[in-house]
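None of the figures in this text is laboratory data; all of them are computed from the coordinates on show. Nothing here was measured: the structure is a model prediction, and the numbers come from that model. Virtual Cβ from ideal backbone geometry, glycine too; neighbours counted across all protein chains shown.
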Amino acid sequence: MKKTISNALVVLMIVAMSACSVDQEASKPADEEKKDKYTALADEANKGDQLEKLKLLPYADEVDATLSSPKYKEFTANSTVLIKGTAKKYSGFKSNYAWIEVISDEDGPGGREFSYYAPIKKGKFEKKIKLFNGKGNYSVKVSLPSDTAKDYFYELAKFDVENVNPEVKRDILFTNIALEHGLTLENGLDGFIEKEGSFELNGKVKDASVEKLMVELKKDNESTKMIIPVEGGSFSKKIPLYYGKGVHEVKIMTPKEGVANYYSEAATLYVDNLSNEKFEPVHYSDAYKEKGFNLETPEVGGEKTDVTYKIKGSIDPNAPDADKTNVVFVTTKKDDLEAMYAIPVNDYKFEGEFFLRFGPGNYDVAVMVPDFAMTNGFVQHFTGVAGFTVENTNTKDQQYTLPSKGIQSDAPQIKRLAEQLTRNKKTQKDKALAIYEYVAKNESYDVDKLNNRTFEFDDSALKTLAEKKGVCQDFAYLAIALLRASGMEAQMVTGYAGQNHGWVETKVDGRWLTMDPTWGSGYLQNNKFVPKFTMEYFDPNPAEFKKTHTKEAVEF
């Protein structure tokens, strides 16, 4: 007995052109006329031919299978064919689906082949298939599952059919994996649709173990992937058609059980983009999946903005380190200038804005998360999860005045305090002195933090203001935030002063004035902080300052 074995995991996909959409009510008579016309043509062709009855292949005897539709080996049809059959000896099947392969003689926009999976229920299966490339000849194979090997199928029947209808139609290709997970798509999506710029991908998944999907978008040699969360069995995502005018292949994939970061194809459709506009995709790293990230905004890269730009997203609570992650970082890079910003995470959700401080032009932006495995108290490590570009249209260079990592100069508490400290101060130097005095007199040096290296990812001006203590970076964060909130340019300087150290420079009357509020606050004795305010480190003599402080870099 000859058996043809096909691997059900290999699925070839094709695309078809759809007719232009028109008002349903208005088109109803025309649709009925077309149906009558092509059905009559098919009926006439079938009457005129000597139709040979379809003979089943040997596997039919083994599983006691019959096929009630179609009845003939060769026949003519109007766009669709009903496949309907039974198998009495189905209890040993290693799959719950019949596999139907449709092969067109003519190549279409998505190829020549299409597969259907028809559920087998109590030995019965039924599926209406579309002759997806319009008018022409098709060969169809109907296969039933093996009763000895999982994911293998044996041919039950083969037949040929001629489609007399020139209209091109296509179903969404659902694999057996989609059916096993109960994946369905909504909003009238079909296997081939026309859209302009983007489309809404909405659907449901019955399998509660599926918490996210992967969508792969392809056109010609370009492709990108994105993760879509499944919440309460539903998912919704606006999918940009990044690559301009033409057909985009869209694959929806589900996680493979027991295999980390591996996805299996579940459904495929094609979208013909009618717009010429192209977008830059957001690029995602492997860590994006591993860390359970979902970046909701932005959806595309290459957008234009005026100085500020927002991001929004969430983290899967079950992902590694999700419970530790209370802040997400964004880095912006323009030429050789780079800045970092912290976006707070609350209840596994983050939303905030960052700044494009280095003037007009294109910025490379990276979304980063703390790497707790690599981080120690002295060195902080970050892992990139997503990247995109943004164009700043603002012509001003504001690198010394806008907020940055740890320097929340736009926070209401900081702005109120800065206004209080600098009120009635007539000169920039008077303002700088007032801020130096406040930080040096009101902050205590945190010896335990220094000794135990308990640096945290959320160290910042606001944290320092609230806790009234910190180390050199914390003193500098607060001083710079207050200076920038007062409308003054300021920057953090890092270098060496007996150990790694940070201090402040602020622009006063066109020159950079140095201040070190940490050293101005007091000193350490017997491993304890002794508060003793001094003016020695406000605008010090440069030659004297260099004896104790070596400047190495400027951190914006």
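Some notes on this structure:
- Percent breakdown of C-alpha pair distances by 5 Å bin, ordered from the shortest bin, for the stretch 138-220: 3, 9, 13, 18, 16, 17, 15, 7, 2, 0
- Label point at Glu62 placed 7 Å out along Cα→Cβ; residues across the stretch 151-179 whose backbone nitrogen lies under 16 Å: 151-158
- Shape index of the stretch 177-273: Rg/Rh, with Rg the Cα radius of gyration and Rh the Kirkwood radius from the inverse mean 1/r over Cα pairs, equals 0.96.
- Taking every Cα-Cα distance in the stretch 404-469 and sorting them into 10 Å bins starting at zero, the pair-distance distribution P(r) comes out as 18, 47, 28, 7, 0 percent.
- In this structure, the amide hydrogen of Glu196, modeled 1.01 Å from its nitrogen in the peptide plane, lies closer than 5 angstrom to those of Leu274, counting only residues at least 5 positions away or on a different chain.
- For the stretch 52-107 and the stretch 484-500, distance of Cα centres in Å: 77
- Peptides ranked, highest mean first, by Cβ atoms within 10 Å: ranges 324-334, 475-485: 475-485, 324-334
- In terms of packing, defined here as the mean over residues of other Cβ atoms within 10 angstrom, the peptides 121-134, 539-552 line up highest first as 121-134, 539-552.
- Within the chain, DSSP assigns beta bridges of which about 90% are antiparallel (rounded to the nearest 5).
- Using θ = phi - 60° and Karplus 6.51 cos²θ - 1.76 cosθ + 1.60, couplings along the stretch 255-272 (whole Hz; Gly, Pro as x): x, 7, 4, x, 10, 5, 6, 10, 10, 10, 5, 10, 8, 9, 9, 10, 10, 8
- Stretch gain in nm, segment Glu338-Thr393, where the contour uses 0.36 nm per residue and the Cα spacing is subtracted: 18.0 nm
- Set against the 2.2 N^0.38 Å expectation for a compact globular protein, the stretch 283-392 has a Cα radius of gyration ratio of 1.04.
- Euclidean distance of C-alpha centroids, the stretch 379-442 and the stretch 172-188, integer Å: 51
- Near-label residues of the stretch 320-350 by backbone N, under 13 Å of a point 7 Å along Cα→Cβ of Ala260: 320-321
- Coupling constants for the stretch 64-77 follow from the phi torsions by the Karplus curve (6.51 cos²θ - 1.76 cosθ + 1.60, θ = phi - 60°), and in residue order they are 6, 9, 9, 10, 7, 8, x, 9, 10, 6, 9, 7, 10, 9 Hz; glycine and proline get x.
- A Förster distance of 41 Å, applied to the separation of the beta-carbon atoms of Gln420 and His283, puts the FRET efficiency at 0.35.
- Ordering of 90-101, 410-421 by packing is 90-101, 410-421, highest average first (other Cβ atoms within 10 Å, averaged per residue).
- For the stretch 511-552: Kirkwood Rh in Å [reciprocal of mean 1/r, alpha carbons]: 11.3
- Kirkwood's formula applied to the C-alpha pairs of the chain gives a hydrodynamic radius of 28.4 angstrom.
- Principal-axis analysis of the Cα atoms of the chain puts helix 472-485 at an angle of about 90° to the longest axis.
- Rounded tilt (10° steps) of 428-442 against the dominant C-alpha axis of the chain: 90
- Taking the C-alpha atoms only, the angle from helix 24-48 to the longest principal axis of the chain is near 40 degrees.
- Relative contact order computed over the stretch 412-555 (Cα-Cα under 8 Å; 6+ residues apart), in percent: 24
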